[in-house]
Every structure is written in structure tokens, then in C-alpha cells.
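Below is one structure, written out as C-alpha cells; the observations come after it.
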Amino acid sequence: MSANTKIRVIIVDDEELARQVIREMLAAHPEVEVMAECSNGFDAVRLVAELKPDLIFLDIQMPKLDGFEVLELIGDEFAVIFATAYDEHALRAFEFHAVDYLLKPFRAERFEAALDRARERIGKKMASSPVELSASSRVPGQYAERIVVKDGTRVQIIPVSKLDYAEAQDDYVALAAQGKKHLKQQTISSLEAALDPKNFVRIHRSYVVNLERVTRLEPYGKDTHVVTLIDGTRLPVSRAGYTRLKDFLDRQ
Amino acid sequence: MHPILGQLRRLALYLFAWVPLGCILTYLLASLGGLGWTRAVALAIPLCAVYAFICLSAWYSCRGTPLQTSSFSRLALAHLAAAVVAACIWLVIARGLAIALAHLSAFEGLDQQIAKDYPLLFGSGVLLYLLAVALHYVLLSTEASHEAEKRESEARLLARDSELKALKTQVNPHFIFNCLNSISALTTSDPAKAREMCILLADFLRRTLGLGEKALIPLRDELALSHAYLSVEQIRFGARLKLEEKTEPKVLECLLPPLLLQPLIENAVAHGIANLTDGGWIRLDISQGAPESLSIKIENNFDPEAPRRRGAGIGLKNVRQRLNTSYGDRARFEVQTNGDRFSVALSFPAETQV
């Protein structure tokens, strides 16, 4: 980026005093402009979509959505510096391709170094999208408890227990929950990896189903089957899907 | 310490057990020894009384040859030799007693009469001594098992103490680092407040470390700790943190295990206030429940849709476990979630004196 373009920044932290430190350290840099500040994940997602900043300072533990969920929703066009008080998240932060990871409280020198790294990064495209990483960086044996979906500037939270099934649609998955469908930019395989295999089964190349919703499994033509869900929805089951589903039902 | 001589009750029981032995010896001397009843009684009773004490020496030979580690031949040799020595001593005493009694007109000729009873006395002396050996082995093994039990219960107590200690001294690192960050922010914008926060934090840490050492503390001290904690958090969260407190003055001196209330208040802040953009409230209600019981209720609002924080539930489990360790069935612990309200109620016996 050229020297006379300003770096436009959003600061996200639920504590006023924590935002104040960052603001103060940025004040020494006339080339940096603080566009907005906010104190929770919802506002962060909305503001990022509206203002398209170059750089985001992001706290991890926040009301509504945590920092990782915010990153998952805003996509990969933005440089992000995590700032958090405790280092249990450090590894995950770098798997999310964060520019840097500041441990609070931090020195001005450390802050400058992070800002320098952000300058280098701004404008470059990141290697892979955060959503895929979100699934791969999960701790083994721990599965998603909720799925966050961005609907325009609104954020929808779907508890995993409310999810009936998911259907692949090109680059998106349609998440069916409580009679509504929500579109999310994610592959069905990465969604499947994030869900607890005890409750969710991939029954078809394009479908993952919540086992608690299944009421009936019956043959449908040669080699294929159909499941019926509680709300009457019928979903196709492939041959491989049938084997997986049978395996599971036999185990119960 | 000798297991029988050391305790008056045991000595009395032991001597009482010698009464039937004395009777048998009298019978043997009277019928087999041909002494007649009067003479048999006069000899057997004092002899048994003396021999009862001689047999106590079996303790030393038993201790010298432990059952588990000594070979049978060694056991047999040691105890037989000791039995023969004891029986010989007994014979000498019997002879002395017979000679002394012979001076009395009623027992004339007893010293000659007894000579043919030596084998009988020697045989019973050896048998009685071996009986005493068996008794001492039984006593030794019961003492050893008592000892082992005592050690085990001491070890259990020690383990419980260290468990309680480990459960108590958990200062949440998130809290400390967030505080330090707030102080770092205040140093430029409001130095006086930064100093104030340093002092409050120091006060909180000092109280936490100090209280963790004790087994029971007055509620007054526990509350002071919680107030120190809350005033620090008040600076961090500002208007987002609202506290309503109702404590009956008469319960302030009640004793409770330290740091029982504190994790619950930390929970209410971390999982309630910290997740609420517009802030939340914590209600603390401490009263005397049923007579002789202290009842504590902590209620807070929270965002049911908030992301789960790591470590959720550890604080609660910890408090439940400590209540259980300290009071067992006499403590009650209830957790309730009702919409956006979360409450923990506990009650346990109220003591005011250690």
C-alpha cells in the first residue's frame, strides 16, 4: 500500500479501559485512523461489514460472540490482531492466521511490532479461509455447540441441538433449523467435521442429518433410501450414507 | 511399652485369666501330686500369682523373634529355651515356698512331699509359658494392625487437607491479567485511579493468600475478600456491574471454610456480567436459614446465548466438593437456571466458635 493511504482500524474489546490503551498507542501514528470501537461480537461483525477496515484489534472473550466467531463471520479480507489477557488461545489464534497476538498488558514496543506486521500483511490475501481453519483447529473430542451465521449485517446463532439437517449448495451450506434455512459460506465436509459424530451423520454427498430428528428410514428405488424427519422432510440417503446410518442405528 | 503391663485394664484381665489356671494347677497337685486340697491350694495360688508375672517376659522373646520373619526352628528353639528357663526359675521358687511353709505345723513335711511333684510343675510351667507366648503374639499383631489403621487414617486426613488447600488457592489468571491491563490503561489517563486499583488488587491477593491457610474463617472476612474483589471488577466493568447485597448482621461471625463464597461471585462476574453488553446484576443474600444453619444465595443474570467460556463449571464443582468434604450430608448445594437467571444456593451448619 502507498505511504499516504491511511490504515483504517476498528477496535473490538468489551472493556473500555482495554480499548483506551490501544487507542492511546495508536495516537502516536498519524497514518492510522480509528474508524470505530465496539464492545461486543455482534457490533463487530456489523461494523466490519459496513466500514470495511484494513485492520481489526480483536479481544477474544466478549459478550455475544467470541473473537474466533467474529473472525469466522467476517471472512478473510481483513488483517486481525488478537489482544487477550491470557495465552490459552495463542495457538488457535495463529491457526486462524491472525497477524499477531498481543498479551495484555503489553508494552508500546510490542504493540509497534504488531502494527508493523499488520502493515506488511494489509492488502495480501490469506492462504485459506478462516471457516475451514475453524474446523481443523478444533480440539479433538470437542465439537461445536453452536453455529454462527451472518445474514446481511445480522448475526444468527444456531445452537447445534436446534439444527435439523444441512444441505450443500455450491460454496454454501443451507442450515435447516426450526423451520428456517440459513445460508453459510462453508463446505459441508468442514461442517461435518465440526459436528459431534454421535449426533450427526453424513447420509449423502450433500446432506448431514441430526439423528434425533430421524423418524423413518425406508428403501427408495434401487440402491437408495430415504429418511423422514420429524417435521416430514424427506432426505435422500446414498449407499455409503445408508451403511453409515445403519452402523449407527445398530450400535444403539 | 509392654502391651499388658502398660495398661491397667489389660493387666487386670490377664491376671483374671490366671484364676482358672490356678484352679487347674490346684486340682493337679491335689489329685496327681497327692498333696491334699489344703496343701495344694497353699502352693498353687501363690505360685500362679508369681508365674503370671514371670510369663510376661515372653513379650521380649516374642519381639526378638517376629512370626513373619523368623524360621520355625528359630521360633521353636527360642521359645522352648525361654520356657525351660522360666519353668526352672518357677521350680526354685516352688521349692523355696515349700521349705518356708514346712516351718508351719499345718504344712509339716511339705518340702519332702513336693520333690516328687517337680516333673508335674516343670511340665505345667513349660506349657503355661508357651501359652503366654501365643497370647503375646496375638497382642503384637493386633497392635500392628491398630498402628497401620492409625497411619492410614492420618494419611487420609493429610490428603484431605492438601486437597482442600489445592482447591482453595486458585486465583483466576484471567482476572489478574485483565486487572493489570486496566491498571496499565489508567496510568496515563487517571494515575490516581491506577494507584487505587493497585491497592485494591494487592488487598484482594493478600486476603486470598492469607485466608487460604486457615481451616475456618468468620463470614465477615470472607465478605471483605469478596468486596475487595468486586471493587476491582467495578473499575474494570464500570456501570456494567451492579451489586445488591443483603446480609443479616447476626451471621457475620459465623464460621465457614475460606474462599467458599469467592469462586461463586467470580463465576457470576465471569459468566454473567462479562457476557452482557449492557451490564448485569448480582444479588447476594446471606441469612440464618433453619436454626443453626447458614444459608447463602447468589443470583445473577446472564446471556443464555453467550459463547461458553472455558472452565465453566469448575468453580461450582470445586465449591460443591469442598462443602461435601467439610460437612458431608449436613450441607446443601443447589444450582438453578431459570431463563436468564442463574442462582446458586448453599446452606451448611453455622458454627460461631472453633
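The values are calculated or read from the model by the stated rules, or taken from the named source; none is laboratory data. The structure displayed is predicted, hence computed values, not measured ones. Here Cβ is always computed from backbone atoms with ideal geometry, including for glycine, and neighbour counts include all displayed protein chains.
Need pairs with beta-carbon distance below 8 Å; first residue assigned by TED's automatic domain parsing to the domain that holds residue B:52 and within segment B:104-130, second of a type in the set (S, T, N, Q); sequence gap 6+ or separate chains.
B:106/B:38
For segment B:310-325, check the following and say yes or no: at least one residue is β-branched (Val, Ile, Thr), within 14 Å of chain A (Cβ to nearest Cβ) and out of contact with any Phe, Trp or Tyr (no Cβ under 7 Å at 6 or more places or on another chain).
yes
Exactly one of (1) out of contact with any helix residue (DSSP H, G or I) (no Cβ under 6 Å at 6 or more places or on another chain); (2) aromatic (Phe, Trp, Tyr); (3) assigned to a strand (DSSP E or B) is unmet by residue A:82. Its number?
The failed condition is (1).
Answer with yes or no whether residue A:183 is of a type outside the set (Gly, Ala, Ser), outside the structural domain of residue A:41 (by TED's automatic domain parsing) and not in a helix (DSSP H, G or I).
yes
Checking residue B:206 against (1) of a type outside the set (Ser, Thr, Tyr); (2) away from chain A (no Cβ under 14 Å); (3) buried (at least 20 other Cβ atoms within 10 Å of the Cβ); (4) over 25 Å from residue B:328 (Cβ atoms), only one condition comes out false. Which one?
With (1) of a type outside the set (Ser, Thr, Tyr); (2) away from chain A (no Cβ under 14 Å); (3) buried (at least 20 other Cβ atoms within 10 Å of the Cβ); (4) over 25 Å from residue B:328 (Cβ atoms) applied to residue B:206, the lone miss is (3).
Any idea how many residues of segment A:48-106 are within 14 Å of chain B (Cβ to nearest Cβ), within 19 Å of residue B:177 (Cβ to Cβ) and charged (D, E, K, R)?
Matching residues across segment A:48-106 total 6.
For the condition without any contact (Cβ under 8 Å) to a residue 24 or more places away in the chain, among the basic types (Lys, Arg) and either over 19 Å from residue B:298 (Cβ atoms) or in contact with a His (Cβ under 9 Å, 6 or more places away or on another chain) (or both), what is the one hit in B:207, B:195, B:236?
Of the residues listed, the single one that is without any contact (Cβ under 8 Å) to a residue 24 or more places away in the chain, among the basic types (Lys, Arg) and either over 19 Å from residue B:298 (Cβ atoms) or in contact with a His (Cβ under 9 Å, 6 or more places away or on another chain) (or both) is B:195.
When you scan segment B:274-282, do you find a residue that is away from every other protein chain (no Cβ under 12 Å) and touching a residue at least 12 places away in the same chain (Cβ under 8 Å), even just one?
yes
What are the residues in segment A:27-47 that are in a strand (DSSP E or B), within 14 Å of chain B (Cβ to nearest Cβ) and surrounded by fewer than 20 Cβ atoms within 10 Å (Cβ to Cβ), if any?
A:37
Every residue, every condition in (1) on the phi > 0 side of the Ramachandran plot; (2) among the aliphatic types (A, V, I, L, M); (3) assigned to a helix (DSSP H, G or I), yes or no:
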{"residue": "B:14", "(1), (2), (3)": "no, no, yes"}
{"residue": "B:20", "(1), (2), (3)": "no, no, yes"}
{"residue": "B:34", "(1), (2), (3)": "yes, no, no"}
{"residue": "B:43", "(1), (2), (3)": "no, yes, yes"}
{"residue": "B:46", "(1), (2), (3)": "no, no, yes"}
{"residue": "B:60", "(1), (2), (3)": "no, no, yes"}
{"residue": "B:63", "(1), (2), (3)": "no, no, yes"}
{"residue": "B:70", "(1), (2), (3)": "no, no, no"}
{"residue": "B:82", "(1), (2), (3)": "no, yes, yes"}
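Yes/no matrix, rows are residues, columns are (1) more than 50 Å from the chain's Cα centre (by Cα); (2) among the charged types (D, E, K, R); (3) within 14 Å of another protein chain (Cβ to nearest Cβ):
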{"position": "B:107", "(1), (2), (3)": "yes, no, no"}
{"position": "B:124", "(1), (2), (3)": "no, no, no"}
{"position": "B:177", "(1), (2), (3)": "no, no, yes"}
{"position": "B:192", "(1), (2), (3)": "yes, no, no"}
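Confirm whether residue B:314 is at pLDDT below 90 and among the β-branched types (Val, Ile, Thr).
Judged against the criteria, residue B:314 is a match.
Any idea which of (1) touching a strand residue (DSSP E or B) at 6+ places or on another chain (Cβ under 8 Å); (2) under 21 Å from residue B:316 (Cα atoms); (3) surrounded by 18 or more Cβ atoms within 10 Å (Cβ to Cβ) is the one residue B:254 doesn't satisfy?
Only one criterion in (1) touching a strand residue (DSSP E or B) at 6+ places or on another chain (Cβ under 8 Å); (2) under 21 Å from residue B:316 (Cα atoms); (3) surrounded by 18 or more Cβ atoms within 10 Å (Cβ to Cβ) is unmet by residue B:254, namely (2).
Please name all residue pairs, on different chains or six or more residues apart, with Cβ atoms under 6 Å, provided the first residue is in segment B:330-347 and is over 14 Å from residue B:269 (Cα atoms) and touching a residue at least 40 places away in the same chain (Cβ under 8 Å) and the second residue is among the β-branched types (Val, Ile, Thr) and assigned to a strand (DSSP E or B).
Filtered contacts from segment B:330-347: B:346/B:296.
Sort out which residues of segment B:84-110 are among the charged types (D, E, K, R) and assigned to a helix (DSSP H, G or I), and write them in order of number.
Selection gives B:95 alone.
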